[in-house]
1. When the chain is fully extended, how far beyond the present Cα-Cα distance does Asp86 get from Val62, taking 0.36 nm per residue of separation?
2. Suppose each label sits 7 Å from its Cα in the direction of the beta carbon; what would the Asp51-Asn111 distance come out to in nanometres?
3. Pop a pseudo-label 7 angstrom from the Cα along the beta-carbon direction at both Ser96 and Ser78 and give the gap in nm to one decimal.
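A short reminder: the numbers here are calculations on the coordinates, not readings from a lab. In this text, all values refer to a predicted model and were calculated from it rather than measured experimentally. We place every Cβ from the backbone using ideal geometry, glycine too, and count neighbours over all the protein chains shown.
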Amino acid sequence: MKKMSIVAICAAVFATAANAGFVSAQPVSSAGGFIGNETIVTVKQAKDMRDDTYVVMQGKIVSQVKGDKYTFEDGTGSITVEIDDDDWRGQTVSPSDTVKIYGEVDRGFMNVEIDVDTIQKM
């Protein structure tokens, strides 16, 4: 009986976590802190950067590609971004919202993506 209770609790926790992100309606919880001078990188610039280069980008997430991959656009183009469930921090984001993403360039053999660490709704 204890095993069934533990399984049920785990299932509820994972189901709740899976709903966070692009369509979630959970409240934002942020501890805050200092933000210094940030250099905003465009999609066009990011596509030419080296693997693992830290970037800050501003634009819109216009669609979900598959799973945790989304299409991010700014005035210079579009790029695929990978946003894990916990990176959303409970924010709800729609294609009409401007966001700032913090992450690293993930350069593969045939493509370039951004592995997002944090997303901030503007």
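1. Net length gain for the segment: 6.7 nm.
2. Rounded to a tenth, the inter-label distance reads 1.6 nm.
3. 1.9 nm
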